[in-house]
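One structure is given below, encoded as structure tokens.
The values are calculated or read from the model by the stated rules, or taken from the named source; none is laboratory data. Note that this is a predicted model, so its numbers are computed, not measured. Backbone-built Cβ (ideal geometry, glycine too); neighbour counts: all protein chains shown.
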Ligand code: HEM
């Protein structure tokens, strides 16, 4: 925060430091310098730190390497790193986030949210209100359930095991009730962060021989084994299905499966693989499914927690959301939310954007400079790590009046925000922007509207008491205590 303030006051958008003799780091802290890197189509490779996630995500979109250098020796080196893989996959995966496909995920979201509502209703019982000591685990478990089902079609039952644990007493070891996969994901996140912050663990040959490195490897094996099993089982089912309809095209097949029930990302990738396995082999499918699990899990969970916190504090803004939802649903709190409903939630969307501005889940992201480029009249040489500090870009007082305040109207139709697209970059921008942003916005809207249709929420925890953890995904280290008050006297699920 201190550095952010100094840099903004001096009108500088860049900040430089060095780690050891060779690691040169440039940090971009305003829209202008962020724009320079995000529009540079030659510098789109991720920084070396992303390699720590590679044993899990391999060449999946997030960590995938792109051959873009104009230096001959790098061309030679990159030849072995399959430089075109990312481009091909990005192109093939983009249609899976089309609204027609996203629409098919809505029943999954509605169903998982129903579980969350049941949990709140059990707590409220006959009274009209209840206090939840910490909303973070219930929000996280619900988003885990949604991402497992939408990415792989599996029921992780994170909410069920949490509810059981709450009912059966907290002395029971929670770990034993959790699905092995989600347990391994959580452990892996902790280890990656610990490694980033511990330079002595950066070299692979040291990390591998430490106990934490061995635990990391065990988790990777658990997760890969799990995803591989799910993929193989699903592939067998789809192959049988294809035998009964051998003349269908890829699009017809996807449509039929979607129309008959639900479709998930894995089905979409497997159908492409079965129809033309040159682009998506089974390893690539595993890498992309794991990447969606990584990208779609903590990011949405932490955004939802902050959105609830901010709406629970700024209750005049919450009132406006209630009015908007009442126009869409009236007092019908049972009807499932549709895609068209979400398009009408424009004020809620403004609140979500303002939350993502104040608390961007990816507080920073980094590129490795492979082609010399200019930013704010500075030449950034090859080999530099260029970090975009979204958190600082989003709090630049020269762009945002009262930058620390929650003012959703900034994103309203009358605001001038659209004049500077690089001042609001929670999903990054340019060629390596977030492929899942429409999915994320849909999930955030469905989640928040499900809660706010039924309850008024009041944050007992205040914003100034929140201790932020700038981890791989930034989150609150402080429990978020919240009161839920029924808006309509009778609720049944
Ligand atoms: C609020 C929710 C989300 C936020 C704030 C967010 C943010 C971001 C950001 C900042 C990046 C760029 C990272 C970088 O350059 O290092 C990114 C990339 C990515 N995100 Fe998201 N994300 C969210 C949700 C999702 C979801 C739900 C999915 C998938 C289901 C997803 C999948 C991805 C993938 C695959 C990439 C890599 C894209 C590429 O390099 O081609 N994200 N996300």
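Among the residues of the range 361-389, those identified as touching a strand residue (DSSP E or B) at 6+ places or on another chain (Cβ under 7 Å) and within 30 Å of residue 412 (Cβ to Cβ) are 361, 363, 364, 365, 388, 389.
I'd like the full set of residues that are surrounded by 15 or more Cβ atoms within 10 Å (Cβ to Cβ) and at pLDDT below 90, limited to the range 481-493. Across the range 481-493, the qualifying residue is only 491. Elements of the type strands (runs of 3 or more DSSP E) sitting completely within the range 331-388 and holding at least 2 residues that are in contact with a helix residue (DSSP H, G or I) (Cβ under 8 Å, 6 or more places away or on another chain) and within 16 Å of the ligand (Cβ to nearest atom): these cover 365-368, 385-388. For the range 417-432, name all the residues that are surrounded by fewer than 19 Cβ atoms within 10 Å (Cβ to Cβ) and more than 8 Å from the ligand (Cβ to nearest atom). Across the range 417-432, the qualifying residues are 417, 418, 419, 420, 421, 429, 430.
Yes/no per residue for (1) closer than 28 Å to residue 340 by Cα; (2) out of contact with any strand residue (DSSP E or B) (no Cβ under 7 Å at 6 or more places or on another chain); (3) within 14 Å of the ligand (Cβ to nearest atom):
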{"residue": "434", "(1), (2), (3)": "yes, yes, yes"}
{"residue": "449", "(1), (2), (3)": "yes, yes, no"}
{"residue": "466", "(1), (2), (3)": "no, no, no"}
{"residue": "472", "(1), (2), (3)": "no, yes, yes"}
{"residue": "475", "(1), (2), (3)": "no, no, yes"}
{"residue": "486", "(1), (2), (3)": "yes, no, no"}
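Scanning the range 276-322 for residues that are buried (at least 19 other Cβ atoms within 10 Å of the Cβ) and without any contact (Cβ under 8 Å) to a residue 60 or more places away in the chain yields a single hit, 285.
Condition check ((1) touching a helix residue (DSSP H, G or I) at 6+ places or on another chain (Cβ under 6 Å); (2) at pLDDT 85 or above; (3) loosely packed, with under 13 Cβ neighbours inside 10 Å) across all residues:
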residue	(1), (2), (3)
3	no, no, no
6	no, no, yes
10	no, no, yes
27	no, yes, no
62	yes, yes, no
71	no, no, no
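Only one of the numbered conditions (1) surrounded by 13 or more Cβ atoms within 10 Å (Cβ to Cβ); (2) modelled with pLDDT of 85 or more is not met by residue 232, and that is (1). One residue is enough: does the range 110-120 have a residue meeting the conditions part of a helix (DSSP H, G or I) and in contact with a strand residue (DSSP E or B) (Cβ under 7 Å, 6 or more places away or on another chain)? Yes, the conditions are met somewhere in the range 110-120.
Comparison of 447, 484, 439, 422 shows that the only residue that is under 30 Å from residue 18 (Cβ atoms) and touching a residue at least 60 places away in the same chain (Cβ under 8 Å) is 422.
Among the residues making up the range 457-480, a single one is crowded, with 18+ Cβ neighbours inside 10 Å and closer than 21 Å to residue 326 by Cβ: 457. Selection of the range 122-167 for residues being on the phi > 0 side of the Ramachandran plot and either modelled with pLDDT of 85 or more or within 16 Å of the ligand (Cβ to nearest atom) (or both) yields only 153.
Look at the range 36-49 and say how many of its residues are within 11 Å of the ligand (Cβ to nearest atom) and either buried (at least 20 other Cβ atoms within 10 Å of the Cβ) or at pLDDT 90 or above (or both). Number satisfying all stated conditions: 5.
Scanning for something within 12 Å of the ligand (Cβ to nearest atom), buried (at least 19 other Cβ atoms within 10 Å of the Cβ) and not assigned by TED's automatic domain parsing to the domain that holds residue 110, does the range 393-416 turn up at least one residue? Within the range 393-416, one or more residues are within 12 Å of the ligand (Cβ to nearest atom), buried (at least 19 other Cβ atoms within 10 Å of the Cβ) and not assigned by TED's automatic domain parsing to the domain that holds residue 110.
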